[in-house]
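Worksheet for the structure shown next.
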Amino acid sequence: MIREEDPRFKYLERKIGFFMAFALLGIAVALVLYGVQKDYFTPSYTLRFTADRGTGFSKGMSVKLSGFRIGRVTSISLNEQAMVDINVEVDKKYRTWIRNDSTIKLVKEGLVGDSILDVSVGSLDRPELKDGETVLYVKTKGLDEMAQEIADKVKPVLFEVRDIIGYINNPDGDLKRAIHNIEVLTRNLDGTRDQTDKLLVSLNGSLDRISNKAVAVLDSANHKIDALDISPALTKINSTIDSIDKKIPPLLDKADNTLAELAKLSRETRVLSESAFPKIPGLLSQAEDVLFSTDRLINAMQNSWLFGNSSQPVGGRRFIRGDSHE
């Protein structure tokens, strides 16, 4: 029996076997790479925390430390207290940074990025968290809570804006009345401006007349000043001043001589008084002796028989010998 074979199908089973082996090898490599990417082959340990709400959490969510991915969320469940228990797997090589004072919180990467769990770096003097221990969860405000907070802050402002707009639009309000008064004042200003223009025109005419009269008065005064001849008076004054200048020096010389004579007379008077003053007490003493002698003579004459008189001296006066300086 003649058996014919197509050369294209030669070694077909061997080729299919190689193809299947390469396919299986590629699948295995892909699985290994996926496991490496998801940290399935990295040694890890489990940490847990409890949140009041499960909003924003999802299985497989990244866990980051200082912006670097260190683990993922493995399970989310509701406990008996209606709280959400969440377990995370963290690579063991990063456990040295996670201490019992570390915290974990739900944040967003950027403004519109994915939600992640951010773990804070703990104090190196605190003990490390072990497998299965609890990390402290810090609640953060979600978008709805932040929106509600912003709305609560904006509402009073909107109410005030509404009141202001209502006050402005009120036809009987002060603002509308003020605007109406300004319009009336503006219309009246036109008439006031016309009257001011007329007043300025009349004032300009009056100023022109006043200036013309002033010019005429000044011209007349100039003519009178020019017509006034004061040269004779000036000549007479100059001659009088010259004569006074000639008479003043002799008068000054006479005054100097008179003053010199007065000074000389004063000096001589002072010298005479100084020389006569010491003799005055002696003269007074001699005059007293003469008066005392005269008094005794008169008394003797009265006591004599020729001039005898039994009467006492008039007034009983007797000269009293006094001091030479009295």
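Rounded to the nearest 0.05, what FRET efficiency is calculated for residue 196 and residue 161 with R0 set to 30 Å and r the Cβ-Cβ distance?
Efficiency, from the Cβ-Cβ distance: 0.10.
Residue 215 to residue 243: extension gain in nm, 0.36 nm per residue of separation minus the Cα-Cα distance?
5.7 nm
Rounded to two decimals, what is the ratio between the C-alpha radius of gyration of the stretch 44-141 and 2.2 N^0.38 Å?
1.01
Under 12 Å from a point placed 7 Å out from the Cα of residue 131 along the Cα-to-Cβ direction: which residues of the stretch 81-97 have their backbone N that close?
90, 92
Along Cα→Cβ, 7 Å out, is where each label goes; now give me the distance between the ones at residue 124 and residue 222 in nm to one decimal.
Distance between label points: 10.5 nm.
If I take R0 = 56 Å and measure r between the Cβ atoms of residue 107 and residue 184 in this structure, what FRET efficiency does the formula 1/(1 + (r/R0)^6) give, to the nearest 0.05?
Computed FRET efficiency for residue 107 and residue 184: 0.35.
Students often get this wrong, so check it: of 59/141; 59/108; 59/105; 92/141; 93/141; 153/176, which have C-alpha atoms separated by over 19 Å?
In this structure, 59/141; 92/141; 93/141; 153/176 lie more than 19 Å apart at Cα.
Tell me which lysines have Cα within less than 26 Å of residue 254's Cα, excluding those fewer than 8 residues away on the same chain?
Answer for residue 254, where 26 Å is the Cα cut-off: 246, 264, listed by chain and number.
Which GluC sites (Glu not before Pro) in the stretch 41-121 sit in a loop by DSSP (not H, G, I, E or B) and have at most 10 other Cβ atoms within 10 Å of their own Cβ? Working shown, then result.
Details: sites: 80, 89, 109; in loops: 80, 109.
Answer in residue order: 80.
Roughly what would the spin-label model give for residue 81 and residue 253, points 7 Å off Cα along C-beta, in nm?
Label at residue 81, label at residue 253, 13.7 nm between them.
Please give the FRET efficiency for residue 96 paired with residue 52, using the beta carbon to beta carbon distance and R0 = 25 Å, rounded to the nearest 0.05.
According to the calculation, E is roughly 0.25.
Coordinate-derived values only; no laboratory data. None of these values were measured; they are calculated from a predicted model. Please note: Cβ atoms are built from the backbone with ideal geometry, for glycine as well, and neighbour counts cover all protein chains shown.
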